[in-house]
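The structure under discussion appears below in the form of structure tokens.
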Amino acid sequence: MTDAQLAAIAAAVGTPVYVYDAGMIRERFAALTDALSRRLTAHVHYAVKANSNLAVLALMRELGAGADIVSAGELARARAVGFPPNAVVFSGVGKTDSELAEALAAGLRMINLESEGEAERVIALAAQQGVVARVGIRVNPEVTTETHPYTQTGAKGMKFGVPLDRVPDLARRLADDSHTTLVCVGMHIGSQITAGAPYRAGADRLASLVAALRAAGLMTLESVDVGGGLGIAYQEGAAALDPDVFAEAIAPLHDATGLPVLVEPGRYLVGPAGVLLTRVVYRKHTGGREFVIADAGMNDLLRPSLYQAEHPIRVVGAVPGATPEDVDVVGPICETGDFLGLRRRLAGAAPGALLAVEAAGAYGFSMSSQYNSRPRPAEVLVDGDRWGIVRERERVADLIRGETPTPRWVHGEEAA
């Protein structure tokens, strides 16, 4: 995406606005699949939670990816763009009965079970529908990763996955019931992982588990799942996970089991392909600090406040004669924690300047909210020299749709 394109988009659509580069998504998908294909048999299922815009999902489907979902809403999005049911994996720790029933009726590739309680619900619901549920077991491999504590999911004591020592009994329970078929065991060890060693450790444990299940006569496995979490570089020179390093780390799992490996990247594919455009509204000097106040805030991009994430920020277009200075780029939300970047070196960040918050294609819009009653941004897709709106900006009227100042009483004297 060129600065001229970004400036044209901001002028036409307004700010804040998310902009995604289709060409970069294709390049990153090719880099990952090429690295995997050189070393093992693997299937990529895009993690919808990273960026669930329908245009992005349609692009992933066209590229040949499946979908990894964690809610009925994400299932609806996957179906809306034509993902076939056998290309959809349903994960997540808190699936409701209605979500499970919908997934069973749809005939998905598999439902990943994260607890024994969930397994019992699937068995009961499958019996009600008279179907055989294709299920996987998400294992907690007890692998600790060097990432933000909020995005660690494979360490012991986390809410995710079935403890390793409970998996054989659960696998036997599934094998003994006529309404379930165990087709996969897998893991997801976290997000923004920049080294191959944690994947290799988890893969070794999965390989041992598959061997134990086969020795016990449980021979219905069709694949193994290593999840996603491939880290990207948010700042120049920062660590990122090379696809070849990732492929080498998980290849022994394929070699040991002979099974195809499912991979579920999200951030790696779309993170670097997105920017959040925001316009400077005011400048302010106070307490020895220079504040650049923009029209995008933590409701538009939560990652800096939630994870202390450091996205690159730059002024779009050269500003002749501008002197670089250290500034805090903050938003309009009534929270001290509302910032896009602290102590950034920018030149020309005057009122009216257009800023690009980079590497914002993953967990940007998908984590946005209407906090402070602010409509969520528009989304735009750029493909070569053309661009188009793929989500209209919300309006103030959208904020109060479904609300009423006068309750429709359903209990009590007024409802009688």
*For the stretch 64-74, enumerate the residues that are more than 15 Å from GLU264 (Cβ to Cβ) and either surrounded by 24 or more Cβ atoms within 10 Å (Cβ to Cβ) or among the aliphatic types (A, V, I, L, M) (or both).*
ALA72
*Does the stretch 180-206 hold any residues that are part of a loop (DSSP other than H, G, I, E, B), out of contact with any Lys or Arg (no Cβ under 8 Å at 6 or more places or on another chain) and among the aliphatic types (A, V, I, L, M), and which are they?*
ILE189, ALA195
*Looking only at the stretch 213-225, decide whether some residue is modelled with pLDDT of 95 or more, under 30 Å from VAL327 (Cβ atoms) and among the hydrophobic types (A, V, I, L, M, F, W, C).*
no
_Looking only at the stretch 308-364, and only at residues there that are in contact with a Phe, Trp or Tyr (Cβ under 6 Å, 6 or more places away or on another chain) and free of Cβ contacts under 8 Å to residues at least 60 places away in the same chain, the one that is farthest from VAL280 (Cα to Cα)_ = ASP328
*So how many residues does the stretch 218-229 have that are touching a residue at least 40 places away in the same chain (Cβ under 8 Å) and assigned to a loop (DSSP other than H, G, I, E, B)?*
6
*Which residue out of ILE250, ILE232 is part of a helix (DSSP H, G or I) and hydrophobic (A, V, I, L, M, F, W, C)?*
ILE250
*Under 8 Å between Cβ atoms, at least 6 apart or on separate chains: pull out the pairs that start in the stretch 42-61 with a residue that is among the aromatic types (Phe, Trp, Tyr) and end on any residue that is buried (at least 20 other Cβ atoms within 10 Å of the Cβ) and assigned to a helix (DSSP H, G or I).*
TYR46/LEU57; TYR46/MET60; TYR46/LEU269
_Residue list for the stretch 325-381, filter: modelled with pLDDT of 95 or more, among the acidic types (Asp, Glu) and either surrounded by fewer than 21 Cβ atoms within 10 Å (Cβ to Cβ) or closer than 15 Å to ASP295 by Cα (or both)_ = GLU325, ASP326, ASP328, ASP338, GLU358
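The values are calculated or read from the model by the stated rules, or taken from the named source; none is laboratory data. Computed from a prediction, not measured in an experiment: that's the story for all the values here. All Cβ positions, even for glycine, are placed from backbone atoms using ideal geometry, and neighbour counts span all protein chains on display.
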